[in-house]
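All remarks here apply to the structure that follows.
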There are 4 protein chains.
Amino acid sequence: MSSKFVSLNPEKQERILNASLKEFALKGYENASTNEIVKLAGISKGLLFHYFANKKELYLFLYNHFVDVLMKEFFNELDFTGRDIFERLKNLMILKNRLMARHPEIFNFMMSASMEASEEVKEALNDSKTELMHTSYGRLFENIDLTKFREGTDIQRTINIIMWTLEGFSNQELEKAKKLNKDSLDFDEAFKEAEVYIDMLKKSFYKSH
Amino acid sequence: MSSKFVSLNPEKQERILNASLKEFALKGYENASTNEIVKLAGISKGLLFHYFANKKELYLFLYNHFVDVLMKEFFNELDFTGRDIFERLKNLMILKNRLMARHPEIFNFMMSASMEASEEVKEALNDSKTELMHTSYGRLFENIDLTKFREGTDIQRTINIIMWTLEGFSNQELEKAKKLNKDSLDFDEAFKEAEVYIDMLKKSFYKSH
Amino acid sequence: MSSKFVSLNPEKQERILNASLKEFALKGYENASTNEIVKLAGISKGLLFHYFANKKELYLFLYNHFVDVLMKEFFNELDFTGRDIFERLKNLMILKNRLMARHPEIFNFMMSASMEASEEVKEALNDSKTELMHTSYGRLFENIDLTKFREGTDIQRTINIIMWTLEGFSNQELEKAKKLNKDSLDFDEAFKEAEVYIDMLKKSFYKSH
Amino acid sequence: MSSKFVSLNPEKQERILNASLKEFALKGYENASTNEIVKLAGISKGLLFHYFANKKELYLFLYNHFVDVLMKEFFNELDFTGRDIFERLKNLMILKNRLMARHPEIFNFMMSASMEASEEVKEALNDSKTELMHTSYGRLFENIDLTKFREGTDIQRTINIIMWTLEGFSNQELEKAKKLNKDSLDFDEAFKEAEVYIDMLKKSFYKSH
DNA sequence: CATGAATGAGGGTTCATTCAT
DNA sequence: CATGAATGAACCCTCATTCAT
């Protein structure tokens, strides 16, 4: 249905996409107003529904579109040449932050999408989301150097501990930044702190030399 | 304003509370319909607004009410006699799971509340929430046995790692359960798995003997 | 119906009367809220409707009650001993102003009542109002001294001119006061100005001597 | 916002305008029901708010629109060629009556508007109203023949007396007509009576010859 | 392709009035 | 006498969606 959309004047495409992004990120799915979107995009009411059968389709298209945008940049810039799992996870964190600084509105939208309460849309969302997860996580652990771990280490669970720790730290920093009303966190400081945690985990799970 | 409510026929109170709980948990603050609530509760439109000045007051009352309910049971059943931090966190997890199994609808509501996007309600929520956090977290780390940790351990950060790990594990199990459409997770199995993680962390951060 | 009301504890009567007066004066008939009235009066919802069958009856009772209050004071204090029509009209103006200063809330209510747009109440109001007019106007022109007018004067129409002039002047001053947000007009100055008009009219319609 | 309205099918415009006019005139701003208006106009609820952002905007648009309509006819038909103040005031009265007979509903609305109690609308109304007053009153006294007045006449106050008299007379006739449930007063008779008052005033304030 | 007029159900909230206690 | 819980229609306004042009 929304296939017509891609063959539209790209500048107008952009306007519609950005207007929708902003409105949905700000108000969530149900409370976002298509009236507001067309006003922001400078198009007529009818045109929006010419390209998208309904609000839901627009929302889902938006979601998939910006997941694609993000994924494309993500895999372009991701450096997984090293085989050290910590190196890879650190790179992942850095990249994530770089992307967030580059596209704050898209991240706002993604965040709001991941917390979306509307039944009408939640289910359809999850499908795409998990698909994304699988694609990305597959490569993260490909060919990592297992010899660095102490002998007898429960690799799978250890990796979980590492990831949960880094995730927990990441969320903590984000919370802090939100509380201080900063758009992006103080990257250098947070990075140094992350290194401390990484060293602690290395000392715990890597062979000592 | 909503003080009239507490002196109402308890059975009707219950009906109103449960109807609101369900509707808000399902649809979030903004999209929940007071029409739906009164229909579910079997009362007239006017009566709801006789007890609560407006939707927001109802929501906030609900939140505070169920936080109280939860907290009361929580502190009644919490066992913090032991001084081992792992023991306490394990107890905490178990208790949390027990409460979730006992009041699944309340937890649904609390989850939806904690992700509430509506500006109108977010702020008022945070106040109560952080207050709750402080009260509960204060006791969690009171008088724990620090001598068990290896010498030179960075206690603060180590505790963070432990908590993030258990949190991460907990969320993982919940996700699994949701995916399988089970209301409550297989408690015994999850518990055994948690013990494995706890042992790993103990081996890493406690003195070996 | 509202006859029960008069045999009620006078202090409570007062509270109900004053609360109603204030609310109706402020918001007009339709927009006045019986909820607000009972809150202000400190009585229960049911009691109000125990004494007054409905809102309309309360309003009409209020109107008639305060018309009576006003009329009683009015006729008590009115000085119609002199036979000069100008003297009487001047006295009337002065008295009117004195009453307004004494009972501003009642006058607010009366003003709002006279501009009442609600169909439900307009008609019933007019009946009482004209009745009031007739009673009061009868005495105003009783036994005035006609010999002071020039010979051949059309007395009836001359009196109309005098009254319309004084009325017009009165309204003008009231408007001025309202525009300056003063509660009561500067009485002395207005009075002096009124005298000027009266002298002009005297010169026009009274015999010169 | 209401600019869309003017480019609408004129016949439907008319229906909306007339329905609103009638409802507002009858019930006043606050008590007028937009439900009633759309029913009367034969349009859907949504359409009204497609054209007017809210009730207030509709009301104000209506007011300004019909002030314009009236003013246009008024200035088209007004004859101020003569320099005699009585002539002008008489012309004014006649014109006012002609317009009232032509557009009784508009006058009903204007009357109700001028007595509008609603705070929400009163202020915005006064702005336009006083503007209208200034425009119209400026021309009324432009270049009138002052030589006709007796020497030593207090012109300003005399004009006030004349105006208040004619106003008072006008209102009296209107009241009479309303009481007899006549839509328009018996014009010829009222006119003759007005001439009597004018002659009386002329005899009082003009030079005798 | 593109417009925006048109719909009508639904949103939260207020209200005068009733009636069991 | 007095209470206040309970009703449900009415209030203004918003909305996604349709369709004639």
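So, in the stretch A:194-209, of the ones that are surrounded by fewer than 15 Cβ atoms within 10 Å (Cβ to Cβ) and part of a helix (DSSP H, G or I), which residue ends up nearest to the other protein chains (Cβ to nearest Cβ)? Of everything passing the filter in the stretch A:194-209, A:VAL196 is nearest to the other protein chains (Cβ to nearest Cβ). Name the single residue that is surrounded by the fewest Cβ atoms within 10 Å (Cβ to Cβ) among those in the stretch B:163-174 being of a type in the set (A, V, I, L, M, F, W, C) and within 11 Å of chain A (Cβ to nearest Cβ). Filtering first and then ranking leaves B:MET163. Here A:ASN9 does not qualify as within 14 Å of DNA strand E (Cβ to nearest atom), within 24 Å of B:GLY28 (Cβ to Cβ) and polar (S, T, N, Q).
Among the residues of the stretch B:149-162, which ones are farther than 13 Å from A:LEU201 by Cα and surrounded by fewer than 16 Cβ atoms within 10 Å (Cβ to Cβ)? Listed by number, the residues that qualify are B:ARG150, B:GLU151, B:GLY152, B:ILE155, B:GLN156. Taking the condition in contact with a Phe, Trp or Tyr (Cβ under 9 Å, 6 or more places away or on another chain), away from DNA strand F (no atom under 13 Å from the Cβ) and either touching a residue at least 12 places away in the same chain (Cβ under 8 Å) or of a type in the set (Val, Ile, Thr) (or both), does C:LYS56 pass? Considered against the rule, which asks whether it is in contact with a Phe, Trp or Tyr (Cβ under 9 Å, 6 or more places away or on another chain), away from DNA strand F (no atom under 13 Å from the Cβ) and either touching a residue at least 12 places away in the same chain (Cβ under 8 Å) or of a type in the set (Val, Ile, Thr) (or both), C:LYS56 comes out as yes. Per the conditions (1) assigned to a helix (DSSP H, G or I); (2) within 14 Å of chain B (Cβ to nearest Cβ), the sole criterion not satisfied by A:GLY152 is (1). For B:LYS27, state whether it is within 23 Å of the chain's Cα centre (by Cα), within 10 Å of DNA strand E (Cβ to nearest atom) and assigned to a helix (DSSP H, G or I). Considered against the rule, which asks whether it is within 23 Å of the chain's Cα centre (by Cα), within 10 Å of DNA strand E (Cβ to nearest atom) and assigned to a helix (DSSP H, G or I), B:LYS27 comes out as yes. Within the stretch D:14-33, identify whether any single residue is touching a Lys or Arg at 6+ places or on another chain (Cβ under 7 Å) and of a type outside the set (S, T, N, Q), and answer yes or no. No, the stretch D:14-33 contains no residue that is touching a Lys or Arg at 6+ places or on another chain (Cβ under 7 Å) and of a type outside the set (S, T, N, Q). Determine whether B:ILE85 is away from chain C (no Cβ under 14 Å) and within 16 Å of DNA strand F (Cβ to nearest atom). No. Go through the residues of the stretch D:142-149 one by one and say whether even a single one is free of Cβ contacts under 8 Å to residues at least 40 places away in the same chain, within 12 Å of chain C (Cβ to nearest Cβ) and in a helix (DSSP H, G or I). No - not one qualifying residue is present in the stretch D:142-149.
Answer yes if at least one residue in the stretch B:38-45 is among the aliphatic types (A, V, I, L, M), outside any helix (DSSP H, G or I) and out of contact with any helix residue (DSSP H, G or I) (no Cβ under 8 Å at 6 or more places or on another chain), and no otherwise. No, because not a single residue in the stretch B:38-45 is among the aliphatic types (A, V, I, L, M), outside any helix (DSSP H, G or I) and out of contact with any helix residue (DSSP H, G or I) (no Cβ under 8 Å at 6 or more places or on another chain). Could you please let me know if D:THR158 is touching a residue at least 40 places away in the same chain (Cβ under 8 Å) and not in a helix (DSSP H, G or I)? So D:THR158 fails the test.
Within the stretch D:35-53, track down each residue that is within 9 Å of DNA strand F (Cβ to nearest atom) and touching a residue at least 24 places away in the same chain (Cβ under 8 Å). D:LEU48, D:HIS50, D:PHE52, D:ALA53 - these are the residues of the stretch D:35-53 that are within 9 Å of DNA strand F (Cβ to nearest atom) and touching a residue at least 24 places away in the same chain (Cβ under 8 Å). Residues that are basic (Lys, Arg) and more than 13 Å from DNA strand F (Cβ to nearest atom) were ranked within the stretch C:1-34; the one that is nearest to C:MET115 (Cα to Cα) is C:LYS27.
When you look at A:PHE191, is it over 20 Å from A:ASN108 (Cβ atoms), more than 14 Å from chain B (Cβ to nearest Cβ) and out of contact with any Asp or Glu (no Cβ under 8 Å at 6 or more places or on another chain), yes or no? Here the answer is yes, as A:PHE191 does meet what is asked.
Looking at B:ASN126, B:ASN76, B:ASN91, just one residue is surrounded by fewer than 15 Cβ atoms within 10 Å (Cβ to Cβ) and away from chain A (no Cβ under 14 Å), and that residue is B:ASN76. Is it the case that some residue within the stretch D:35-43 is of a type in the set (D, E, K, R), surrounded by 13 or more Cβ atoms within 10 Å (Cβ to Cβ) and within 16 Å of DNA strand E (Cβ to nearest atom)? Looking through the stretch D:35-43, at least one residue is of a type in the set (D, E, K, R), surrounded by 13 or more Cβ atoms within 10 Å (Cβ to Cβ) and within 16 Å of DNA strand E (Cβ to nearest atom).
What are the residues in the stretch D:6-22 that are surrounded by 18 or more Cβ atoms within 10 Å (Cβ to Cβ) and farther than 14 Å from D:PHE61 by Cβ, if any?
Taking the stretch D:6-22 as the starting set, the residues that turn out to be surrounded by 18 or more Cβ atoms within 10 Å (Cβ to Cβ) are D:16-17, D:19-22.
Correct list: D:LYS22 only.
Output the qualifying pairs, or none if there are none: Cβ atoms under 6 angstrom, residues six or more apart or on different chains, first residue in the stretch A:75-89 and touching a residue at least 24 places away in the same chain (Cβ under 8 Å), second residue of a type outside the set (A, V, I, L, M, F, W, C) and surrounded by 15 or more Cβ atoms within 10 Å (Cβ to Cβ). Final answer for the pair search is A:PHE80/A:ARG88.
None of the figures in this text is laboratory data; all of them are computed from the coordinates on show. Because the structure is predicted, anything quoted here is derived from the model rather than measured. Every residue, glycine as well, gets a Cβ built from its backbone with ideal geometry; the counts of neighbours run over all protein chains shown.
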